[in-house]
Structure formats: C-alpha cells, structure tokens
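The values are calculated or read from the model by the stated rules, or taken from the named source; none is laboratory data. Because the structure is predicted, anything quoted here is derived from the model rather than measured. Every residue, glycine among them, receives a Cβ derived from its backbone with ideal geometry; neighbour counts consider all protein chains shown.
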Amino acid sequence: MKSHEWVCVEGGTASVGVSDHAQHEITDVVYVELPKLGRKVAQGEAISVIESVKAAFDIYAPVSGEVVAVNEALTKDPALVNRSPHEEGWLFKLKPSKPGEENGLMDFAKYQEFLQSPAAHGASH
Amino acid sequence: MTATTELRRTALYEAHKALGAKLVDFHGWELPIQYESILKEHAAVRNQCGLFDVSHMGQVWVYGPDSLKFLQTINTNDIGKIGPGKAIYSHLPNEKGGVVDDVIVSNMGEDRYLVVVNAATVDKDFVYFQKHTQGLKVEIDNMSDYYGMIAVQGPKAAALVGLDYPKALELPRFGAMMTEVFDQKSAITRTGYTGEDGFEFIVPSEIISRLWDNLLTKGRALGCAPCGLGARDTLRLEAGYLLYGQDIDDDHSSYEAGYGWVVKLDKGDFVGKANFEKQKKEGLKRKLTGLRMTERGVPRPGTPVFVDGKQAGTLCSATFSPTLQAGIGQGYLDRADLKPGAKAELELHGRRVAAETVKMPYYASEDIKNAKA
C-alpha cells in the first residue's frame, strides 16, 4: 500500500510523520490521536488519526514495531503538523521489529513521482 | 453526485479560482470550501469580517394583494408581524408537522415579499409554493437564477458596508431594504448565518463580480477575508443555526429542533397546524441536543451519542469549534428530559469519549445579544 507517511530510521528507532503534501491536503490540523506507548503494530496498520476541521485521516505504521515515543507537543499545538511536517510535527517513534522493512518503502524521489500519479490522490494519508 | 452530472457554478467562480480557493460539490454547486484556511477564515469573521459567496441560495418573490395571506399559510412564523423593511426567520411546514425548508422572508412593502430559500430545496419549495396559491391573488416568481448573493459578516461588516452603502447602516438586525448596487435593483438585509452582525446583498448576477471585488478590495484594510463553506459551517454551528437537510427536514419538526419560537400557533391557520399543536401538547420524544466534548477529539456527523451507557442518538452536525477549542455537535437524542450539563459519551474511532450537554447556542456575539435585547 502506498500512502503519505514518512519514516526516518536512525539508531534503532523509526520516527514517523506525514509528508508536506499530506499536511497541505489535510489542511488545518486541529487534533492528533496518538498511539499508546508500548503498542505493537504491524506494517500498514492504522495507528493514529489526524483530524482537520472537516475530516479525519488515518495514519498507517510504515514499519512493524513497538511505539516507544509520541510527540506530546502535538497535544497542545496540533498545527505543528502543518508548520513543520518533517521535523517538529513528527507523530510517533517505533522500535522496528522487522529491521530492513523500510527498504521496501518509497524514497523521496519515488514519492515525488508517486505524487504525480492519480493514485496519490485516492490514497490514504 | 455522479461524474456525469455537471456542477453549477456561481458568477464568482473565476474570482474564487483566482483567490486559490479549494472547490467542492455542495448540493450540485461548485463552491469554495476554503481559500487559505478554515481556521483563519473563521477567526476573520469572529474578529474582523468575512465575505461569503452564497449565490447558490434561492430567491423567490411573492407579489399581489393576497401575498400576506399566502405567506401566513405556508409559514410557521407570523409574517404579519413584520412591517415593510423588516425580515423574519421562519419554517415552511408540511402536513405532518415536519419542515419543508427554513427561510428568511423580507417585507419589501406594497405587498411584495422576498423569500430566501436553501439551494438544495429551491425546486421543491417552488412546487410547494405553487400548490398553496390556489384561489389567491398572488404571483410567485423564482428569481434564483437571476440573483447572486454575498454575505458580509463580522464586527467590521458595518464599517465596510457603510463605505458605499451608508443607508444600510440604518437597518436594525433583521432589517431589509431595496437599493441600487452598480445601478441595478438589489436587496440588502441585515441578516446572516454566522452569529455576528452582518449584511446580505442580493444582486443581479451580472454585477456581482464588481460588488465582490469592491468589497474585498476595501475590506482587506479592515482585515476582511474571503470565506468558504468550511468556515460557514463552523460559524453557524457555534451560533446554533440549523442546516436544512442535516439538522432539520421533512421528518423533524421545529419543536424537536428546539425552534418552537418560530411556530406561532395563535396567528391563524397554516399547513400542518393540527400536527404542530399535537406535538406541543403531547411533548417531545426526541430533541435536538447540543453537546460539547470535555475530552479531546473531533466529533463528526454520524457520531453515536451515549447517555447512561445506552445509545441515545447520533450527531447530525458536529465539528471542532475554533472559538471554544473543543469538539461540539448536535443530534436528536431520545432523552428529551436531559438538562444542560448532563454527562454523555461520544464514540470516536471506536472509543468512548466524555462530553456534556449544553444550552444552545455555543456562542453569541455582543452585537447579536444587544440586537435581541
């Protein structure tokens, strides 16, 4: 499944957020339902919800693993997802249970290509 | 809406495109849901002023010596109460005590009335009107295609409108007047759907772009922003206004919606009166109830509502309230006994989240409170 989350694996932790394209499509983020710490998820599982004024968007785990951190700053300031989707607006961190899974994901260039395709606009965020 | 159906566009379509609006299908009309941001547009209306293209709304003129008699028959509210230059909010009743549409009727003098109806119900309303003209000296003229409509809303609306239409500032809340806009016969009413002071311009479509550009150019200095349907919905829900087809319809009555104040049983006969009387006498089994979340989350239309652990209904309108910074929503609950402050739960993404019932509206501006006093 192709969707609009990004993942950054560093030092055994995978940080997850949504792309700039996705935050733009979602528009004003007013609430983020973050996963519980310690929750174990499989790749592709719906794990979090981003809410705009008009709609809710499911967020999928890009890799399998255990939730080891959530971005508490989003509780007070959910609009961080809009202002800084790739940095301060990260959503949660996973401890990957299947290392190497991330290699099957799109890289930035592939994602840009994907955004040009009609499928990108029907896909879940 | 199927892909084969062509969406209707208002005369301001090109203006919306040029402003970068995100357009959506609203009851067959291609209209802006937002320009830049629903939150910013909402804030502009609450703090300064917003400009809305509401050209999808319908306008029906009623003329003739029996105009009032006709309007009294097809309205729950007392149209005889408004003199020339005044407007009134009312419901069009059906035989069984439900609501055909909610409208604003303006008395323009000399047996002429202008009825503003909802976009999705123009055709249905016109058939309903025609059905009740029999034997009456009354003429009805559906001018919905001829007119466009712009709403100027917010605490700075009067300052903006007063620049070119100083006469409009003499209008009280729910005042109505005929005037010329770019040399074309037009109506201005001091009405709106946002909970703020404001005006609505009903003008021929051919000059609406000039009016829009003029208001927007001059309005920018006052913090005025173009606003889409997204902000229109959050603003009206905070202000406790109904959305026809979502909060009220042919199967829900004015009483159930908490709008008993628009039903005047003592004014003489009207369509379905016996059923409205019956409802009032027998009391309500369900009632449109306002809820506010006490936990975080965003409720949506269709969200189930639980009271005392049992499902009591679902929300028909719901959103994140930018003013209250909380989830709000209203729905028909089969617990007409509930008082404001009663505990309830909403089911969001499979989880029960705390809410409480509230007295409506969620929000009232000082301008509106003072106008009512």
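Scan the stretch B:30-43 and give yes if some residue there is assigned by TED's automatic domain parsing to the domain that holds B:GLN153, in a helix (DSSP H, G or I) and β-branched (Val, Ile, Thr), otherwise no. Talk me through it step by step, then tell me what you get.
First pass over the stretch B:30-43, keeping only residues assigned by TED's automatic domain parsing to the domain that holds B:GLN153: B:30-43.
Right, trim to in a helix (DSSP H, G or I) and you get B:38-43.
Applying the additional criterion that residues be β-branched (Val, Ile, Thr) yields B:38.
For the stretch B:30-43, residues assigned by TED's automatic domain parsing to the domain that holds B:GLN153, in a helix (DSSP H, G or I) and β-branched (Val, Ile, Thr): present.
Which ranges mark the strands (runs of 3 or more DSSP E) fully within the stretch A:2-85 that have 3 or more residues being in contact with an Asp or Glu (Cβ under 8 Å, 6 or more places away or on another chain)? Give the steps one after another, and end with the answer.
Working: elements: A:5-10, A:13-18, A:29-33, A:46-52, A:56-60, A:65-70.
Per the criteria, A:13-18, A:29-33, A:46-52, A:56-60.
Taking the residues in the stretch A:21-38 that are surrounded by fewer than 18 Cβ atoms within 10 Å (Cβ to Cβ) and at pLDDT 95 or above as candidates, determine which candidate is nearest to the other protein chains (Cβ to nearest Cβ).
Keep residues of the stretch A:21-38 that are surrounded by fewer than 18 Cβ atoms within 10 Å (Cβ to Cβ), which gives A:21, A:24-25, A:36-38.
With at pLDDT 95 or above added as a condition, the list becomes A:36-38.
On the way: A:LYS36: 11, A:LEU37: 16, A:GLY38: 17 Å.
Here the answer is A:LYS36.
Which of (1) closer than 17 Å to B:LEU243 by Cα; (2) surrounded by fewer than 19 Cβ atoms within 10 Å (Cβ to Cβ); (3) touching a Gly at 6+ places or on another chain (Cβ under 7 Å) does B:GLN330 not meet, given it meets every other one?
So the condition that B:GLN330 fails would be (2).
Does B:ILE79 count as within 19 Å of the chain's Cα centre (by Cα) and over 22 Å from B:MET143 (Cβ atoms)? Step through it out loud before you land on a result.
Values: within 19 Å of the chain's Cα centre (by Cα): yes; over 22 Å from B:MET143 (Cβ atoms): no.
It is false that B:ILE79 is within 19 Å of the chain's Cα centre (by Cα) and over 22 Å from B:MET143 (Cβ atoms).
If you check B:LEU169, B:LEU215, B:LEU160, B:LEU211, which single one turns out to be over 15 Å from B:PHE52 (Cβ atoms), more than 14 Å from every other protein chain (Cβ to nearest Cβ) and over 18 Å from the mean Cα position of the chain (by Cα)?
Numbers: B:LEU215 fails: over 15 Å from B:PHE52 (Cβ atoms); B:LEU160 fails: over 15 Å from B:PHE52 (Cβ atoms); B:LEU211 fails: over 15 Å from B:PHE52 (Cβ atoms).
Residue meeting the stated conditions: B:LEU169.
Given the condition more than 30 Å from B:VAL271 (Cβ to Cβ) and either surrounded by fewer than 22 Cβ atoms within 10 Å (Cβ to Cβ) or within 14 Å of another protein chain (Cβ to nearest Cβ) (or both), answer yes or no: does some residue in the stretch B:48-70 qualify? Please lay out each step first, then the result.
Kept after step one, since they are more than 30 Å from B:VAL271 (Cβ to Cβ), are these residues of the stretch B:48-70: B:48-53.
Next cut, either surrounded by fewer than 22 Cβ atoms within 10 Å (Cβ to Cβ) or within 14 Å of another protein chain (Cβ to nearest Cβ) (or both) only: B:48.
Within the stretch B:48-70, one or more residues are more than 30 Å from B:VAL271 (Cβ to Cβ) and either surrounded by fewer than 22 Cβ atoms within 10 Å (Cβ to Cβ) or within 14 Å of another protein chain (Cβ to nearest Cβ) (or both).
Is it the case, given these coordinates, that B:GLY230 is in the same structural domain as B:LEU171 (by TED's automatic domain parsing) and either more than 22 Å from B:TYR13 (Cβ to Cβ) or part of a helix (DSSP H, G or I) (or both)?
Values: in the same structural domain as B:LEU171 (by TED's automatic domain parsing): yes; either more than 22 Å from B:TYR13 (Cβ to Cβ) or part of a helix (DSSP H, G or I) (or both): yes.
It is true that B:GLY230 is in the same structural domain as B:LEU171 (by TED's automatic domain parsing) and either more than 22 Å from B:TYR13 (Cβ to Cβ) or part of a helix (DSSP H, G or I) (or both).
If I ask for residues that are of a type in the set (Ser, Thr, Tyr) and either in a loop (DSSP other than H, G, I, E, B) or surrounded by fewer than 16 Cβ atoms within 10 Å (Cβ to Cβ) (or both), which ones from the stretch B:9-23 would you list?
Taking the stretch B:9-23 first, the residues of a type in the set (Ser, Thr, Tyr) are B:10, B:13.
Residue satisfying the conditions is B:THR10 alone.
For the stretch B:193-210, what are the residues that are crowded, with 22+ Cβ neighbours inside 10 Å and among the hydrophobic types (A, V, I, L, M, F, W, C)? Please lay out each step first, then the result.
Filtering the stretch B:193-210 for residues crowded, with 22+ Cβ neighbours inside 10 Å gives B:194-203, B:208.
If the condition is that a residue be crowded, with 22+ Cβ neighbours inside 10 Å and among the hydrophobic types (A, V, I, L, M, F, W, C), then B:PHE199, B:PHE201, B:ILE202, B:VAL203, B:ILE208 are the ones that fit.
What do you reckon, is B:LYS287 away from every other protein chain (no Cβ under 14 Å), surrounded by 17 or more Cβ atoms within 10 Å (Cβ to Cβ), farther than 30 Å from A:ASP28 by Cα and in contact with a Gly (Cβ under 8 Å, 6 or more places away or on another chain)?
Considered against the rule, which asks whether it is away from every other protein chain (no Cβ under 14 Å), surrounded by 17 or more Cβ atoms within 10 Å (Cβ to Cβ), farther than 30 Å from A:ASP28 by Cα and in contact with a Gly (Cβ under 8 Å, 6 or more places away or on another chain), B:LYS287 comes out as yes.
Can you report the number of residues in the stretch B:201-229 which are over 22 Å from B:LEU39 (Cα atoms) and either free of Cβ contacts under 8 Å to residues at least 24 places away in the same chain or among the hydroxyl-bearing types (Ser, Thr, Tyr) (or both)?
2
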